[in-house]
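Asker: Would you mind keeping the following structure in view while I ask a few things?
The values are calculated or read from the model by the stated rules, or taken from the named source; none is laboratory data. These numbers come from a predicted model, not from an experiment. We place every Cβ from the backbone using ideal geometry, glycine too, and count neighbours over all the protein chains shown.
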Amino acid sequence: MAPLFSQIPTRPGRSPNLLTLLDPSQPIFYTTIFEHLNPVDTVNLLATCRQTRSLKKHVFNVNVLLRPFFKDPVQFRQVMADNDLIVGGSMALRLFSRERWKSTDIDVYTESHESVPAVASFLEGEGYRFQPYFWQTNSLEETLSRRDRVKPQIENPFAFPATLPHGIGEVEGSFYGIEQIKDIYAFVQEETEKKIEVVLTRGSFLGLVLSYYATFLMNFFTYRTAFSLFPSGTFRDKKGFYVPPSSGLRSKTKRGVLKYESRGYHLHTIWTSRWIREKHVRIRAIGDCDTWCLPLCTNGISIPAREQKLQGARFSVVLKRGSWVEHLDNDSFYEWKNRDILGKLPQSDHLKLKTGEFTEVFP
């Protein structure tokens, strides 16, 4: 059999070159090349010319990412478009990083109570079934009807019994960003153990995204665009900065920190004054120069007549009163000696992220 390289079709009289390998009609070659590139090198290569730019929709293919969860990923994205849904968490991070760690759940955010039944109907058609949490009833309809009585049950600061189902047995206190959540609806595919969590937000979904404990998790995508709010540290250095939860450190946060440490994402508990001053001490907005905006292929999706406008939504890094940031002469980070990452978290309470209208960055 002839060598693989010799099988590349070329024009008469021309030898294969890099652009030949990066031709959209040659997925076996360009896929292999991009698998060996980190996100920064991937973006740089894609930006070199018109031909490589045409590969972006193939390299960052959201349908491939969603296919393990849905028989028809395009139809799920149509549901996203029709109901203003956002996907966040590890799935959004994987879309940008193109990493292949095993994922068994998707976090879907909605600001509208009315969209939950529509999403549930689609998920049931995909083989998912509603699996209530302990504060919910077995009926989704009844659970939706009593949503206003749910929040105190979710955020009650007690240690949940170890026998509780659905992976929440070891959680102490509340979930991430509980102040931003009205309720959570879990749908499970029993044969595959895949889970879709539909999170009904309290107010803007951006407040929930900013309540995650690390900046490398602050990524999300709509049916047509993906956004990363802190891409520089996340994808250039695989590092994130710790954002302490307002409700206190929980064991779920600790488990999440260790999980992402094992994936190579390092969490820093001290923000350098230089980095904050040069990058983020200002009012920021989704889609600004520090946001990575990634257009997604919308083939097969009907664009809704009206949709939620995300670009331009504002937020800011704010230091708490009486807190401090380490002053350094370079980009290295001081950390407490002889203490692991979990030992540093309780003392790292100097930062928060806020959304809404701002007259100044520091209150």
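Asker: Would you mind finding the one in Val188, Val198, Val171 that is in contact with a Lys or Arg (Cβ under 6 Å, 6 or more places away or on another chain) and either basic (Lys, Arg) or modelled with pLDDT of 90 or more (or both)? Even if it seems obvious, please write down each step before you answer.
Answerer: Details: Val198 fails: in contact with a Lys or Arg (Cβ under 6 Å, 6 or more places away or on another chain); Val171 fails: either basic (Lys, Arg) or modelled with pLDDT of 90 or more (or both).
Going through Val188, Val198, Val171 in turn, the sole match is Val188.
Asker: Here's another thing I want to ask about it. Taking Arg100 as meeting all but one of (1) in contact (Cβ under 8 Å) with a residue 12 or more places away in the chain; (2) closer than 30 Å to Val257 by Cα, write down the number of the exception.
Answerer: Among (1) in contact (Cβ under 8 Å) with a residue 12 or more places away in the chain; (2) closer than 30 Å to Val257 by Cα, Arg100 violates only (1).
Asker: Hey, can you tell me all the residues within the stretch 48-84 that are farther than 30 Å from Ser112 by Cα and either crowded, with 16+ Cβ neighbours inside 10 Å or among the β-branched types (Val, Ile, Thr) (or both)? Write out each step before concluding.
Answerer: Residues of the stretch 48-84 that are farther than 30 Å from Ser112 by Cα, as a first pass: 48-56, 58-59.
Across the stretch 48-84, the qualifying residues are Thr48, Thr52, Leu55, Lys56, Val59.
Asker: Turning to a different aspect of this structure: Those residues that are small (Gly, Ala, Ser), over 18 Å from Ser262 (Cα atoms) and assigned to a helix (DSSP H, G or I), I need them from the stretch 69-91; list them, please.
Answerer: Ala81 - this is the single residue of the stretch 69-91 that is small (Gly, Ala, Ser), over 18 Å from Ser262 (Cα atoms) and assigned to a helix (DSSP H, G or I).
Asker: Do we have Val116 as at pLDDT 90 or above and closer than 17 Å to Phe70 by Cβ here?
Answerer: In short, no.
Asker: OK, next. What number of residues within the stretch 104-123 satisfy the criterion of being in contact (Cβ under 8 Å) with a residue 24 or more places away in the chain and either under 17 Å from Gly264 (Cα atoms) or in a helix (DSSP H, G or I) (or both)?
Answerer: To start, the set of residues in the stretch 104-123 that are in contact (Cβ under 8 Å) with a residue 24 or more places away in the chain comprises 104-113, 115-120, 122-123.
After this cut, where a residue has to be either under 17 Å from Gly264 (Cα atoms) or in a helix (DSSP H, G or I) (or both) as well, the list is 115-120, 122-123.
Total satisfying the criteria: 8.
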